[in-house]
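Participant: Quick one: structure below, then a few questions.
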Amino acid sequence: MPEKISMGPNNKLQVPNNPTIPFIEGDGIGPDIWKASVRVFDAAVEKAYQGTKKINWLKVLAGEESFQKSGEWMPEATMNAFKEYLVSIKGPLTTPVGGGIRSLNVALRQELDLYVCLRPIKYFEGTPSPMWQPEKVNMVIFRENTEDIYAGIEYMTGTAEANKLRDFLVNELGVKKIRFPETSSLGIKPVSKEGSERLIRSAIQYAIEHKLPSVTLVHKGNIMKFTEGAFKNWGYELAEREFAGDVYTWQQWERTKKESGEAVANEEMKISAIGGKVIIKDAIADNFLQQAMLAPQDYSVIATLNLNGDYISDALAAQVGGIGIAPGANINYLTGHAVFEATHGTAPRFANTNTMNPSSVILSGVMMMEYMGWRDAAELITHAVGKTIRNKTVTIDFYNLMKDATLLKTSEFADEVIRNL
Ligand code: NAD
């Protein structure tokens, strides 16, 4: 009997053996890669649990298919299913062009308050990469998903709203720094203590649970002191307040250095690292982007604001093979709502060609199973994808960059992963 995933006490997800999970196939290449991926999921669950666990897939509509059938891009029934069943998975959706229609992904994130955009950046041996030593790249990005300059509060120059806001800033607050006040569009960047803390708390909890060495707060606090700088400060304060026994912060290190000298501070840091404490540090975003290329082994969990996180996610994804293989999730760890998704778009030119790489959806499913606590099935798939790539049996995106590889269709790649489970 299919049952619902629910949220239990202490924010612990309750997952039955036959959970109903809604899925959206997606537009463009979505149906091709979804059909391939779902076969991998079912085969892995069957293999890991010998029939004692099975996912009951519930198809829900959104995007072009939905618009053609009902005139609605994101029907209420779909939104309700995502709310009711907590955990869901989706392929890419077309962003409708035209006035007044929000991106469907943004609608989902806002409606379910999915405040973490989670992106693991993991290297699979053999994947074509621009890095010299890509095997050193192993990071997990926690990008804040609801605030920042991405909140969508902006006004076009010349509108009554922009004029009113400009006049308020200039006349009431005495702002003199708007270089061209008559022709400026204006945007607002809200960054809250609550919003920063819930994101950073999730990142630290993840690092502790997964026994990872560090959390780096990535920000531009040197320039934007009260938004990005505050994000960093709130992060350090939260770490010391809520995770005192489990973490060691750079600020603690700085304090010890001042009070007792560098040698003592270094010793403290060493003992904490050996004792398995998570090191909490920070990096300015531009420097982080170069360090992530030059010394990726120094970074593990990354917690950052919305705009920085957008750039960082794609830049790091490129280090390990690009968007064909990059999974993602949008999560609210408090309500349990989570939507797992490929990070690429619908690549409409390749719709129904059965040629694209399904790995991003397959690995999003791996993240989903880890989130559900179905680690055995998740590990089976991760190993099988790794073996399939190592064997150089790959889709066109990797084939074009590999020597002596075998070219597979989307569905054949799934067959190969299933064989390698
Ligand atoms: P895209 O990601 O769809 O495609 C860009 C290129 O990346 C493709 O031409 C293809 O060469 C490559 N690519 C993408 N997915 C691949 C895969 N699985 N395997 C191999 N190669 C792959 O980006 P776009 O063309 O800018 O966007 C197309 C549409 O997708 C737009 O409507 C956009 O709004 C939408 N979009 C949706 C999402 C989402 O639903 N999460 C994300 C990004 C873009």
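Participant: Can you tell me which aspartates and glutamates have their Cα less than 16 Å from the Cα of K136? Leave out same-chain residues fewer than eight positions away.
Facilitator: List returned: E125, D298.
Participant: Could I ask something else about it? I'd like the FRET efficiency for N400 and F168, computed as 1/(1 + (r/R0)^6) with the beta carbon distance as r and R0 of 56 Å, rounded to 0.05. Let's see the in-between values first.
Facilitator: Working: r = 54 Å, r/R0 = 0.96.
The formula returns an efficiency of 0.55 here.
Participant: Bins of 5 Å, beginning at zero and ending with the bin holding the largest distance: percent of Cα pairs per bin for region 197-250, please.
Facilitator: Per 5 Å bin, starting at zero, the Cα-Cα P(r) for region 197-250 comes out as 4, 21, 31, 24, 13, 6, 1 percent.
Participant: With the other protein chains left in place, how much accessible area per residue, in square angstrom, belongs to region 218-342 at a 1.4 angstrom probe?
Facilitator: Details: 5420 Å² over 125 residues.
Here the residues of region 218-342 average 43 Å² of exposed surface.
Participant: Find the accessible area per residue for region 15-132; the probe is 1.4 Å, ligands and nucleic acids are left out, and the unit is Å².
Facilitator: Values: 5070 Å² over 118 residues.
Per-residue value: 43 Å².
Participant: Sticking with this one: Scaled to the compact-protein estimate 2.2 N^0.38 Å, what is the alpha-carbon radius of gyration of region 1-130, rounded to two decimal places? Could the numbers behind the result be given before it?
Facilitator: Numbers: Rg = 16.7 Å, N = 130, 2.2 N^0.38 = 14.0 Å.
In units of the globular-protein estimate, region 1-130 measures up at 1.19.
Participant: Looking at this model, which pairs from K12/K69; K69/K409; K211/K270; K47/K403 are more than 27 angstrom apart at the alpha-carbon?
Facilitator: K12/K69; K69/K409; K47/K403
Participant: Around D282, which amide H atoms from residues at least 5 apart in sequence, or from another chain, sit under 5 Å from its own amide H, with H modelled in the peptide plane?
Facilitator: Here the answer is L217, since their amide H atoms fall under 5 Å of that of D282.
Participant: Something else: Under the 0.36 nm per residue contour assumption, what length would be gained going from the current alpha-carbon distance of E262 and R179 to full extension? Don't skip to the end; give the middle numbers.
Facilitator: On the way: separation 83, 0.36 × 83 = 29.88 nm, distance 4.43 nm.
Extra length available between E262 and R179 comes to 25.5 nm.
Participant: Can you give the net charge of the other residues whose Cβ lies under 10 Å from the Cβ of G322, counting K and R as +1 and D and E as -1? Mind showing how you got there, number by number?
Facilitator: Numbers: positive: none; negative: D314, D397.
Within the 10 Å Cβ shell, the charges total -2.
Participant: Can you list the residues of region 328-350 with backbone N under 17 Å from a point 7 Å past the Cα of M79, pointing along Cα to Cβ?
Facilitator: From region 328-350, the list is 337-339.
Participant: State the extension gain, in nm to one decimal, for the chain segment bounded by A295 and M1, taking 0.36 nm per residue of separation less the distance between their alpha-carbons. Before the final figure, lay out the partial values.
Facilitator: Working: separation 294, 0.36 × 294 = 105.84 nm, distance 4.99 nm.
Going from the current span to full extension adds 100.8 nm.
Participant: What chymotrypsin sites (Phe, Trp or Tyr not before Pro) does region 58-154 have in DSSP loop regions with at most 12 other beta carbons within 10 Å? Could you put the intermediate results ahead of the total?
Facilitator: On the way: sites: F67, W73, F82, Y85, Y115, Y123, F124, W132, F142, Y150; in loops: W73, Y115, Y123, F124, W132.
Passing sites in region 58-154 are W132.
Participant: I've got another one for you. Along its principal axes, what span do the Cα atoms of region 295-380 show, with the longest given first and each in whole Å?
Facilitator: 38, 32, 25
Participant: Points 7 angstrom from Cα along the Cβ direction at I188 and E242: gap in nanometres?
Facilitator: Here the answer is 2.6 nm between the modelled labels.
Participant: Would you mind giving the three semi-axes, in whole Å and largest first, of the ellipsoid equivalent to the chain according to its Cα gyration tensor?
Facilitator: Working: eigenvalues 251, 173, 95 Å².
Semi-axis lengths for the chain are 35, 29, 22 Å.
Participant: For region 147-304, would you read off the P(r) tail past 29 Å as a percentage of all alpha carbon pairs?
Facilitator: Taking all Cα-Cα pairs of region 147-304, the fraction more than 29 Å apart is 32 percent.
The values are calculated or read from the model by the stated rules, or taken from the named source; none is laboratory data. Predicted model, so just to flag it, every value in this text is computed and none were measured. Note that each Cβ is placed from the backbone with ideal geometry, even for glycine, and that neighbours are counted across all protein chains shown. In case anyone asks, the SASA skips ligands and DNA or RNA and just uses the protein heavy atoms, side chains included. Shrake-Rupley method; radii C 1.70, N 1.55, O 1.52, S 1.80 Å.
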